[in-house]
1. State yes or no: is GLN540 touching a Ser or Thr at 6+ places or on another chain (Cβ under 8 Å) and touching a residue at least 60 places away in the same chain (Cβ under 8 Å)?
2. In region 26-42, what residues are modelled with pLDDT of 90 or more, in a loop (DSSP other than H, G, I, E, B) and surrounded by 14 or more Cβ atoms within 10 Å (Cβ to Cβ)?
3. Inspect region 792-805 for any residue being in contact with a Gly (Cβ under 7 Å, 6 or more places away or on another chain) and under 20 Å from LEU687 (Cα atoms) and give the result as yes or no.
4. Looking at (1) assigned to a helix (DSSP H, G or I); (2) in contact with a helix residue (DSSP H, G or I) (Cβ under 8 Å, 6 or more places away or on another chain); (3) at pLDDT below 80, which is the only condition PHE117 fails?
5. Pull out all pairs, ordered by first then second residue, where Cβ-Cβ is under 6 Å, the residues are six or more apart or on different chains, the first lies in region 313-339 and is surrounded by 15 or more Cβ atoms within 10 Å (Cβ to Cβ), and the second is hydrophobic (A, V, I, L, M, F, W, C) and in a loop (DSSP other than H, G, I, E, B).
6. List pairs: first in region 123-136 and β-branched (Val, Ile, Thr) and crowded, with 17+ Cβ neighbours inside 10 Å, second modelled with pLDDT under 85 and not in a helix (DSSP H, G or I), Cβ under 9 Å, 6+ apart or cross-chain?
7. Go through (1) assigned by TED's automatic domain parsing to the domain that holds TYR531; (2) closer than 25 Å to LEU52 by Cβ; (3) not aromatic (Phe, Trp, Tyr) and name the single condition LYS455 misses.
Amino acid sequence: MIEQKMDKEVPLEKLRWRCPLDLLPFNNTDEISPCTNIIGQERALRAIRLGLEMDSLGYNIFVVGLVGTGRNTTIKCLLEEIDKSGRIPDDICYVNNFKDPDQPKCICLPAGQGKLFKKDMETFLESLKKNIPLIFEGEEYQKQKRELVERHREREKGIVKEFENRAKKEGFTVAQVQVGPFTRPDVVPVVAGNAISLEQLESLVDQGQFPQESFEQLKGKYSQLSAELEQVLKETRKLEKVIQEELAALDKSAISHLVRGALEDIKEKYPQPKIQSYLSEVQEAVLENPARFLPKPEPPQVPIPGLIPAPAVDPFTEFQVNVLVDNSETKGAPVIIETSPTYRNLFGTIERNIDRLGGLWRTDFTKIKCGSFLRANGGYLVLNALDAFIEPGVWVALKRTLRNRTLEMQSFDPFYLFASSALKPEPIEVKVKVVMIGDAYLYNTLYALDEDFKKIFKIKADFDTEMDKKEETLLQYATFIRKICHDEKLLPFDRSGVAAVIEYGVRLAGRQKKLSTEFHRITDILREASYWAKKEGSNQVTEKHVDQAINEKIYRLKMIEDKIQEMIMDGLLLIDSDGAKVGQVNGLSVYDTGEYAFGKPSRITAKTSMGKAGIINIEREADLSGRTHNKGVLILAGYLRGKYAQDKPLTLTASLAFEQSYSGVDGDSASSTEVYAILSSLANLPLRQDIAVTGSINQNGEIQPIGGVNQKIEGFFDVCRSRGLTGKQGVIIPYQNVEDLMLRKDVVAAVAEGKFHIYAIKTVDEGMEILTGVPAGERKEDGSYPEGTMNYLVDQKLKELALKIKEFETESEKK
């Protein structure tokens, strides 16, 4: 059996891959050039390039991968490679719609012309503010205005004078009569040289002081003259309207040359049809109301304590230009990385100001503010998928905008705190390539549940966490180390230091043939190794410093592991590491605390008896077993039936338990351990307690690979070392996991000294031979096993149980 155990023992050189220093042709990283390319993500690079270069609708990019695999760096580098000499997108402006102020117009201008147009309009307004008052104050204008007013006033006086003379002949005069709070012109009778109202005359008639007949005559004349007065007043109102119209025409005529001349220069500078139409509306608006350009006296305001005076309304707001996007400094397609994709930050908003006079919220086109989506128009927008998905309103608006390629500016008010804005700005045509960064779970969820998602994000860029370990990739690792050292002013790494970092990358990858691409974890070790080297006073980082950085990091994170080890040493957690016991074996599990994972041995026990209950999974009965563990137990039962129940019924009751397990068990990596415990109980063969076991099985009894093999071995090794290495202790692993071994250096050293052993097996029988020291025994042609072998003892026990239960049932029936 010793020879057989030696055959299963893993060779020393396979326990840890060591980076050959001759593959690193430099003394330290100062002698090599830093990397300029993305390492280990060719698949993702090809996908992203395709997405960036495709102009068709829907070819936006969803980048999938773990944090630290270089997603952000890759996207940034690829976007920086974009041709900066390409077409720069237009500036985007909003201007007033004079025909419908609630629907501001969008104007697009070549890059840099937006702010020039705004400046030109400001200059135009300043010119009008300065020159229009001068024109209206000029002698020529005042003379024309005076003549026009005097001409109409003379005509008005003539009409009124003619009526007054006619009224006088009839014994009436025109006077101002009080009507409520107002006065109005009216005809009043003149009696004895005095003007007296009809009401007063009627009173005199009643008193007998004025003849009734004369009163009736005056009353008739009053009605006729009143009607004539109304016609006179109507005529004067018409004359007043004519005066105002002619004054307005005079005003237009006086300033039209100035306005047209000023706008003509702007029209020549900006030939775009939309601007031409807008400037025509500006001209009409100025000519329609030139009075706004004249100085007005400030109305007196009585200060009221505690009340802030209302701000003056700017009469020239409607002539302003709101430049939302200014690309004057942009070179090539814009690249916008939005780190906080709220609705406002992403799509902009329409701000409101409170009118302190009326207490109402008001807005206009100058309050329209753009977001990062509009700034990225004609270019690229990068944002985090989860952030965009959880922000209220963002995901729906993003889909709508990408689908329609138009952006509608609106306020976002999810709680309806304000009345919705009356503004409906003209939608803006946009062309933006969106790059979203997220994880696989979110991508798969959106792809399955959101029917629009697959239409607008047609490119999936999947970032891998590992790459093949080749001579080329080893050198790429070295150039990456050089880049970090250069960028962050770290000490250079010598060949041994680089080799140690590469070995750490292999350990992270979990396979000797792979290297990790989780470069954020690699970078952390580089920084910390440089720190320890500086603290020691070294001028370069060596293997010792890298090992120290790794060990220090582990020490910071392994408090829970140390507590568990302490409980094992104190006998609170029952783990045997020597001797042999029937139906008891040390299984291995992995605890993952997030940033750190470690192995822990667990006692697994089995008890068998006569019965028909089959295998009872105590963890499942206690609702502490996960689905995968339940499956492993069912497979175990299938293995026992297939191997031992071909000539007899499998009539037994076997209970399995993870002792002192209170937080749940999952995974099938202990299924081989559990079958060893059952076979030991059936055959009454003690199992070695100085050997721990891991590995899953299938129904054919073949051992299958598991995860966390390094942590599991190291977990049991630490227990054995704490109690003292005997030279007999070890761990049994699946043979497929030999390629995953990247054990700590102290474990490898113990194996080299013969103090610890690693065995790799392919079948359950091989594992039982190591654990019991008894040959497993091959099935003979007649279906039996060689006497004295492990399988023989199990088979005989099962036959015995089958016969006993048959006898028991027969006796029970007789009774």
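1. Considered against the rule, which asks whether it is touching a Ser or Thr at 6+ places or on another chain (Cβ under 8 Å) and touching a residue at least 60 places away in the same chain (Cβ under 8 Å), GLN540 comes out as no.
2. Residues satisfying the conditions are PHE26, ILE32, PRO34.
3. Yes - at least one qualifying residue is present in region 792-805.
4. So PHE117 meets the others, but not (3).
5. These pairs meet every condition: LEU324/CYS370; VAL325/CYS370; ASN327/ILE88; ASN327/ALA111; THR330/ILE88; ALA333/ILE82; PRO334/ALA376; ILE336/ALA376.
6. ILE132/LEU294
7. Here LYS455 meets the rest and fails (1).
Let's see how each residue does on (1) in contact with a strand residue (DSSP E or B) (Cβ under 8 Å, 6 or more places away or on another chain); (2) surrounded by 11 or more Cβ atoms within 10 Å (Cβ to Cβ); (3) assigned by TED's automatic domain parsing to the domain that holds LEU247:
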{"position": "GLN142", "(1), (2), (3)": "no, yes, yes"}
{"position": "GLU154", "(1), (2), (3)": "no, no, yes"}
{"position": "GLU164", "(1), (2), (3)": "yes, yes, yes"}
{"position": "GLY193", "(1), (2), (3)": "no, no, yes"}
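The values are calculated or read from the model by the stated rules, or taken from the named source; none is laboratory data. This is a predicted model, so every value here is computed, not measured. Cβ sites come from the backbone with ideal geometry, for glycine too, and all protein chains shown count toward neighbours.
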